[in-house]
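To start, the structure under review is shown below, and the notes come after it.
The values are calculated or read from the model by the stated rules, or taken from the named source; none is laboratory data. Values in this document were obtained by computation on a predicted structure and should not be read as measured data. Cβ sites come from the backbone with ideal geometry, for glycine too, and all protein chains shown count toward neighbours. Only protein heavy atoms, including side chains, enter the accessible area calculation; ligands, DNA and RNA are left aside. Shrake-Rupley method; radii C 1.70, N 1.55, O 1.52, S 1.80 Å.
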Number of protein chains: 2
Amino acid sequence: MLETVDLKARVSRSEYEKAMEPLDLELGQLQRDLRPSGNPIVIVLEGWDASGKGTVLNRLLQPLDPRGFTVVNVLASSKDQLRFPPMRRFWLETPSRGFITIYNRSWYRQVLEERIEDGLSRRRLEVVLERIRRFERMLDDDGTVVLKFFLHISKKEQAARFKALSKDPAYAWKVGKEERRRHKRYPEYLEAIEEMLAETSAPCAPWVVLAATDERHATLRAAEALSAAMKRAVERKPAAGDGILTVPVRKSSPLDRVDLAQSISDKEYDKALPKLQQEARRLQHLCYFERKPVVIVFEGWDAAGKGGAIRRLVYQLDPRGYDVVPVSAPQGEEKTHHYLWRFWRELPKTGHFAIFDRSWYGRVLVERVEKFASEPEWERAYREINEFEQELTDFGAVVIKFFLHLSREEQLERFNQREQEPHKRWKLTPEDWRNREKWDDYWVPVSDMLEKTSTLHAPWTIVEGNDKRFARIKVLRTVNDRIKAALK
Amino acid sequence: MLETVDLKARVSRSEYEKAMEPLDLELGQLQRDLRPSGNPIVIVLEGWDASGKGTVLNRLLQPLDPRGFTVVNVLASSKDQLRFPPMRRFWLETPSRGFITIYNRSWYRQVLEERIEDGLSRRRLEVVLERIRRFERMLDDDGTVVLKFFLHISKKEQAARFKALSKDPAYAWKVGKEERRRHKRYPEYLEAIEEMLAETSAPCAPWVVLAATDERHATLRAAEALSAAMKRAVERKPAAGDGILTVPVRKSSPLDRVDLAQSISDKEYDKALPKLQQEARRLQHLCYFERKPVVIVFEGWDAAGKGGAIRRLVYQLDPRGYDVVPVSAPQGEEKTHHYLWRFWRELPKTGHFAIFDRSWYGRVLVERVEKFASEPEWERAYREINEFEQELTDFGAVVIKFFLHLSREEQLERFNQREQEPHKRWKLTPEDWRNREKWDDYWVPVSDMLEKTSTLHAPWTIVEGNDKRFARIKVLRTVNDRIKAALK
């Protein structure tokens with residue numbers, strides 16, 4: 001791929017000025033149109049050391065309003081970053097709707113520096129590449145236009161530039177030991193870059209290789225590509241309406257097979273509960289010691305006992321090691337990002353627990369029922385969620401998911417009780433009564449969710465919730481068992 | 001202070017159970033009342049290693065809904081954290097209105113571990129203590145209730161606990177080399193703790209020293225203190241109405257003395273601009289090299305040319321090293337925190353530039369005029385802002401503040417122009433016309449701001465904006481001069 005690049009390509013000053021002037025005007029206008037279009041743009045900037053990334057980027061951005069873009073400098077992962085799944089730091093920096101994020105260096109560090117300097121096995125490399133393709137596809141599916149630049153220069157050219165930079169104290173620091181080491185290993189890097197370009201070029205996230213010997217040439221070609229990408233973003237329909245899928249009528253549900261009559265005696269409960277809680281505490285400390293993160297998800301009908309089950313679960317846990325994350329409708333920044341964005345933010349670091357009271361499954365439950373997500377959006381979400389959870393378990397996390405089930409009659413009973421008991425009345429809102437009316441609307445989405453997202457690495461546990469105490473014991477026991485199985 | 005603590009204090013099991021039961025109910029109810037009160041609670045948890053912080057905290061939180069609190073574990077500053085002013089990481093974790101944040105270890109690390117292990121000079125210690133007092137006062141002023149626990153045990157008791165912990169592999173890792181080293185230096189730490197307690201006890205942020213030999217005793221006393229603090233938070237009036245201050249009628253304004261007739265010829269402009277921009281780029285690289293952060297603030301009348309000045313300022317800057325932060329009305333999380341919170345988030349790290357297009361000065365401008373902030377709130381803000389900027393400059397940041405001034409006539413001229421030119425029309429909103437009506441309302445707030453927040457370390461530069469080109473040159477020149485003065 002790279003050998004076909006004409007490194008001698010040049011653009012004369014007059015040609016350059018003639019071409020750039022209308023392009024600048026166009027880019028300025030496109031940026032103003034981008035905001036209302038609601039589609040974000042992600043630009044990846046990769047290239048050899050001293051290939052002129054800063055200069056080209058600076059020129060490229062000059063016609064744009066600096067309030068509409070952010071440049072993210074991607075350094076080697078810090079210690080803190082290593083405590084989370086690798087894509088998290090890139091997810092958190094994705095642009096809001098209508099904005100632009102430029103990643104200066106990017107997730108491709110992992111298949112360049114880290115591959116060459118740390119020696120990545122072929123098998124690991126495949127995993128990393130797949131993770132990257134998945135990430136870029138998810139962004140594209142969500143309406144983001146992804147554009148990737150690689151600035152190419154020859155080894156000889158790089159040597160000449162290092163020499164020039166070293167002369168000015170304001171720039172000499174840019175050529176350090178690492179840069180010189182990478183320069184020596186140019187041929188190895190070249191091979192890795194070739195492969196990277198081939199493996200990760202896709203219509204949804206194309207690579208644009210820029211011959212960068214001549215700065216004007218690289219800049220002009222980059223500006224043209226950017227303009228094309230921005231046009232695509234502006235003209236693109238909001239991610240929603242890409243196609244229409246139909247869901248077959250559901251004949252049966254995993255919930256049909258649930259025996260809601262299960263219960264536990266008071267005596268058994270009082271005996272089992274403290275033991276399980278003590279064990280959970282001990283396991284929590286072992287998880288900390290082994291640096292294992294734990295993600296626990298609670299979904300379920302209103303009044304099914306999520307809150308109570310969570311309270312019993314954390315009762316003896318060390319509060320320094322867990323977070324309970326209540327999830328309601330997205331607000332502010334959460335609304336202007338991919339729906340998974342806020343959950344990437346809330347992930348536990350290694351050794352910690354995060355307990356989600358409702359979760360990303362809102363996408364295929366409330367957002368589906370209330371039509372906040374279009375059909376293609378929530379249909380796609382099953383795969384996205386499975387992939388998301390796969391990234392967590394790939395990283396070593398234990399993912400435990402509960403659906404708390406109860407009968408309609410029992411729910412009504414609990415609503416009435418709440419209304420009557422003054423210290424419980426706050427729990428019941430008119431919203432709850434409205435949701436109860438929608439029980440039937442939720443039946444199919446809940447059933448679909450349980451079937452489509454119960455995976456080997458992140459299975460659902462349906463909890464029989466008519467007897468609250470039975471449910472709490474089952475939750476605790478499941479958490480302990482899953483963690484024990486995951487620990488060494 | 002600590003020698004008066006009765007380390008032998010004990011609470012019998014029956015006494016404990018009798019006292020805790022009503023306390024638990026009360027704490028649960030207080031937490032439910034806390035949310036609507038809108039007042040947050042900050043709890044600091046400090047204490048000797050193995051003094052039982054985890055256990056006491058766990059018991060304390062059992063009656064609370066885990067969705068309403070967060071525990072923040074404060075470790076030694078990471079490399080990334082060291083690139084920002086020291087209080088930033090604590091600011092970012094402050095609770096939303098009606099929520100509770102528990103800092104397990106806290107900003108007090110700096111006057112304990114860091115003081116003893118790294119040897120902090122007396123002068124530095126004073127600075128750190130003052131910074132802490134200021135932080136806690138700002139939280140209190142904003143309605144936050146601050147409660148600080150210190151768990152005290154004797155050296156002998158600590159030794160016994162270390163021995164016990166070492167026996168169980170689930171807990172043995174808690175007693176490492178550092179813990180043993182600190183144990184040896186117990187007397188030194190004791191002295192530092194004594195001083196810390198004395199220097200940072202204040203009615204707005206009291207220390208509660210808990211004799212922790214007996215776990216029940218520590219827990220019960222902590223629960224009582226927490227209950228009292230929560231009551232205070234629930235009953236506290238929203239921060240707003242603590243007093244009434246009156247502003248004297250303003251006879252003169254710093255703006256009166258501004259010569260708006262100043263201008264520059266096209267020839268001079270075309271000659272000066274590119275030179276200044278090149279110099280800015282060079283200085284930016286030197287700042288990066290010397291790890292100096294730069295904070296630039298733009299305030300000014302609508303259409304005074306802020307956007308254009310920013311564009312010229314960043315024109316040659318390396319986009320990898322600056323961020324332009326557009327500031328509008330707070331949204332989502334920004335609304336549920338102290339008004340400075342979002343600016344702590346946006347601070348530049350060492351070596352980087354952050355350019356604020358409008359800023360924290362909104363507190364004393366639009367929030368004052370539109371009465372979003374009460375009089376005591378915006379009155380207090382002058383001091384708070386000066387202290388905030390002081391923390392930035394203490395950290396080594398260059399803080400540069402511009403107020404772009406223009407005449408009412410020139411503003412009208414520009415509004416009319418914008419209406420006529422199709423590619424500029426987007427800049428003009430009905431809001432702008434409304435604000436123009438309020439010119440007089442803003443005159444006093446702007447004048448107050450310029451006088452009360454122009455400090456030696458962070459002075460205002462008033463920019464004569466009737467001639468846009470003059471203004472742009474003045475901005476660039478000021479930035480360059482201020483940076484040059486700050487560099488070695």
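One way to sum up the overall shape of region A:293-448 is the equivalent ellipsoid from its Cα gyration tensor, whose semi-axes run 26, 22, 14 Å, largest first. For region A:151-233, the solvent-accessible area of protein heavy atoms averages 47 Å² per residue (probe radius 1.4 Å; ligands and nucleic acids excluded).
Across all directions, the average flat footprint of the convex hull enclosing the Cα atoms of region B:64-116 is 4.3 nm².
Report summary: the helix-based calculation at 222 nm, which adds -39500 (n - 2.57) for every DSSP H run with n ≥ 4 and divides by the residues of chain B, gives -15500 deg cm²/dmol. Put simply, the C-alpha atoms of chain A give a gyration tensor, and the ellipsoid matching it has half-axes of 50, 26, 18 Å, longest first. Other residues with beta-carbon under 11 Å from the beta-carbon of residue B:481 carry, at +1 per Lys or Arg and -1 per Asp or Glu, a net charge of +3. Magnitude of the charge dipole for region B:387-447, about its Cα centre and with charges confined to Cβ atoms of Lys, Arg (+1) and Asp, Glu (-1), is about 420 debye. Counting only Cα atoms, the size of region B:86-130 along its three principal axes is 38, 18, 12 Å, in decreasing order. Ranking A:352, A:337, A:373 by how far each Cα lies toward the positive end of the dipole of region A:332-384 (charges on Cβ) leaves A:352 at the top. Of the residues B:6, A:432, ranked by 1.4 Å probe accessible area with the largest first, the sequence reads B:6, A:432. The residue of chain B whose Cβ sits closest to the rotation axis that maps B onto A, together with that distance in whole Å, is B:332, 1. Along its three principal directions, the equivalent ellipsoid of region A:354-398 from the Cα gyration tensor extends over semi-axes of 23, 13, 4 Å, largest first. The accessible surface of region B:183-330, taken with every protein chain in place and a 1.4 Å probe, is 53 percent carbon and sulfur.
Note on the protein assembly as shown: the alpha carbon radius of gyration divided by the globular reference 2.2 N^0.38 Å gives 1.01. The local environment of residue B:330, defined by Cβ-Cβ distances under 10 Å, has a net charge of -1 under the rule Lys, Arg +1 and Asp, Glu -1. Sorted from closest to farthest, the other copies place their residue B:118 label points 2.7 nm away, with each point set 7 Å from Cα along Cα→Cβ.
Just so you know, the averaged projected area of the alpha carbon convex hull for region A:383-422 sits at 5.0 nm². Computed from point charges on the beta carbon alone (+1 for Lys and Arg, -1 for Asp and Glu), the dipole magnitude for the protein assembly as shown about its Cα centre is near 2420 Debye.
Of all the C-alpha pairs in region A:44-176, what % are more than 22 Å from each other? The proportion of pairs with Cα distances above 22 Å equals 47 percent. Take residue B:426, push a point 7 Å out from Cα through the beta-carbon direction, and compare it with the same point in every other copy: 4.7 nm, smallest first. Which whole-number percent gives the relative contact order of chain B, counting Cα pairs below 8 Å spaced six or more residues apart? Contact order relative to length: 19 percent. Take the convex hull of the alpha carbons in region B:97-170; its mean projected area over all directions comes to 7.6 nm².
Inter-copy label distances for residue B:93: 2.4 nm (label point placed 7 Å from Cα along Cα→Cβ; shortest first). For residue B:462, nonlocal amide neighbours, meaning residues 5 or more places apart or on other chains whose placed amide H falls under 5 Å from its own, are B:403.
Dividing the convex hull volume of the alpha-carbon atoms in region A:297-356 by its residue count gives 95 Å³ per residue. Among the listed pairs A:484/B:163; A:231/B:424; B:275/B:484, those whose Cα-Cα separation exceeds 22 Å are A:484/B:163. Within the assembled protein chains, the solvent-accessible surface assigned to residue B:103 is about 0 Å², based on a 1.4 Å probe.
Chains B and A together bury some 4800 Å² of accessible area, summed over both sides, with a 1.4 Å probe.
Could you state, as a whole-number percent, how many of the C-alpha pairs of region B:133-284 are farther apart than 23 Å? Here the long-distance tail beyond 23 Å is 67 percent of all Cα pairs in region B:133-284. Not counting ligands, DNA or RNA, and with a 1.4 Å probe, what is residue A:441's accessible surface area in Å² rounded to the nearest 10? Spelled out: residue A:441, probe radius 1.4 Å, area about 80 Å². Rolling a 1.4 Å probe across all protein chains gives residue A:209 an accessible area of roughly 40 Å². Excluding ligands, DNA and RNA, the accessible surface per residue across region B:292-397 is 30 Å² with a 1.4 Å probe.
Please report how far the C-alpha centroid of region A:7-46 lies from that of region B:415-488, rounded to the nearest whole angstrom. Taking the Cα centre of region B:415-488 as reference, the centre of region A:7-46 is 29 Å away.
Taking a Cβ cut-off of under 13 Å around residue B:439, the surrounding Lys, Arg, Asp and Glu residues balance to a net charge of -3, with basic ones at +1 and acidic ones at -1.
For region A:8-55, the Stokes-Einstein estimate of translational diffusion at 4 °C and a viscosity of 1.567 mPa s comes to 95 µm²/s, using the Kirkwood hydrodynamic radius over alpha-carbon pairs.
Partner shielding of B:305-318 amounts to 3, given as the average count of beta-carbon atoms from other chains within 10 Å of each residue beta-carbon.
Per 5 Å bin, what percent of the C-alpha pairs of region B:117-210 does each bin hold, from zero upward? With 5 Å bins starting at 0, P(r) equals 2, 11, 17, 18, 16, 15, 11, 8, 3, 0. Here chain A is assigned +1 on the Cβ of each Lys and Arg and -1 on the Cβ of each Asp and Glu. Its dipole about the Cα centre then comes out at about 1540 debye.
Sorting B:335, B:484, A:79 on solvent-accessible area from highest to lowest, probe radius 1.4 Å, gives A:79, B:335, B:484.
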